[in-house]
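J.: Can you read through this structure? Questions will come right after.
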Amino acid sequence: LGEGGAEVSAGQMPIDQKNMVSDTPECHGTAESNTEITRECRLNMSLISVLMSTYREPVTYIEPAVRSILNQTHRQLELIMVLDDPQNTQAEALIRQLTEEDSRVKVLKNETNLGLVDSLNKALKHAGGEYIARMDADDISHPTRFEKQFKFLEEHSLFMWVGSNISVMDESGNIWGE
């Protein structure tokens, strides 16, 4: 998606999420008090399930990856993390700390290494979101990634998935390619 993204129209859409409260001024109230909400309100309410599996990535990679998800401008998300290396005690301690800091983080621990595909399928079974997103434990997402991707999918119903451009950076965080 481009930097500008598409603008949201002011069309009306019926609400199907009981007691969901938005923090935008034009969306105050609950589903019981509003039979219709604007498209912009719906964009703020829909849940994205983000799937991430960790294996032997160092915590110095995992923490910024997780924080880049939790600091998204689209706040209605859950992060389902699978610890695929049960011996990685540093990663487990960090992930447990993150679950205490933010209730949107869920953690699953494999008893043995299952590999990326099986770990992601395990996370998918626990996903409650309307949309599924993927994130690697050594990547960092731009703060507006999900906002832009979600708006695009909502406005273009013929599309089933989206991706994004990347910037390549070194271990110190210096960007050296796009």
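J.: Give me the residue from the range 115-125 that is without any contact (Cβ under 8 Å) to a residue 60 or more places away in the chain, of a type outside the set (D, E, K, R) and open to solvent by less than 80 Å² (accessible area, probe 1.4 Å) and, out of that set, nearest to residue 77 (Cα to Cα).
T.: Here is the first cut: in the range 115-125, the residues without any contact (Cβ under 8 Å) to a residue 60 or more places away in the chain are 115, 117-118, 121-122, 125.
Imposing the further condition that a residue be of a type outside the set (D, E, K, R) reduces the set to 115, 117, 121.
Checking which are open to solvent by less than 80 Å² (accessible area, probe 1.4 Å) leaves us with 115, 121.
Working: 115: 24, 121: 18 Å.
Here the answer is 121.
J.: Which condition number does residue 128 fail, the rest of (1) open to solvent by 60 Å² or more (accessible area, probe 1.4 Å); (2) part of a loop (DSSP other than H, G, I, E, B); (3) touching a strand residue (DSSP E or B) at 6+ places or on another chain (Cβ under 8 Å) being met?
T.: All conditions are met except number (1).
J.: Please go through the range 131-161 and give me each residue that is part of a strand (DSSP E or B), open to solvent by 40 Å² or more (accessible area, probe 1.4 Å) and not aromatic (Phe, Trp, Tyr), ordered by number.
T.: Matches in the range 131-161: 132, 134.
J.: Of all residues in the range 63-96 being hydrophobic (A, V, I, L, M, F, W, C) and more than 13 Å from the chain's Cα centre (by Cα), which is surrounded by the fewest Cβ atoms within 10 Å (Cβ to Cβ)?
T.: Only one residue tops the list, namely 93.
J.: Can you find a residue that is open to solvent by less than 60 Å² (accessible area, probe 1.4 Å) and part of a helix (DSSP H, G or I) anywhere in the range 97-106?
T.: Yes, there is a match, as at least one residue in the range 97-106 is open to solvent by less than 60 Å² (accessible area, probe 1.4 Å) and part of a helix (DSSP H, G or I).
The values are calculated or read from the model by the stated rules, or taken from the named source; none is laboratory data. Everything numeric in this text was worked out from a predicted model, so none of it was measured. As a convention, Cβ positions derive from the backbone with ideal geometry for all residues, glycine included, and neighbour counts pool all protein chains shown. Keep in mind that these areas ignore ligands, DNA and RNA; they rest on the heavy atoms of the full protein, side chains included. Shrake-Rupley method; radii C 1.70, N 1.55, O 1.52, S 1.80 Å.
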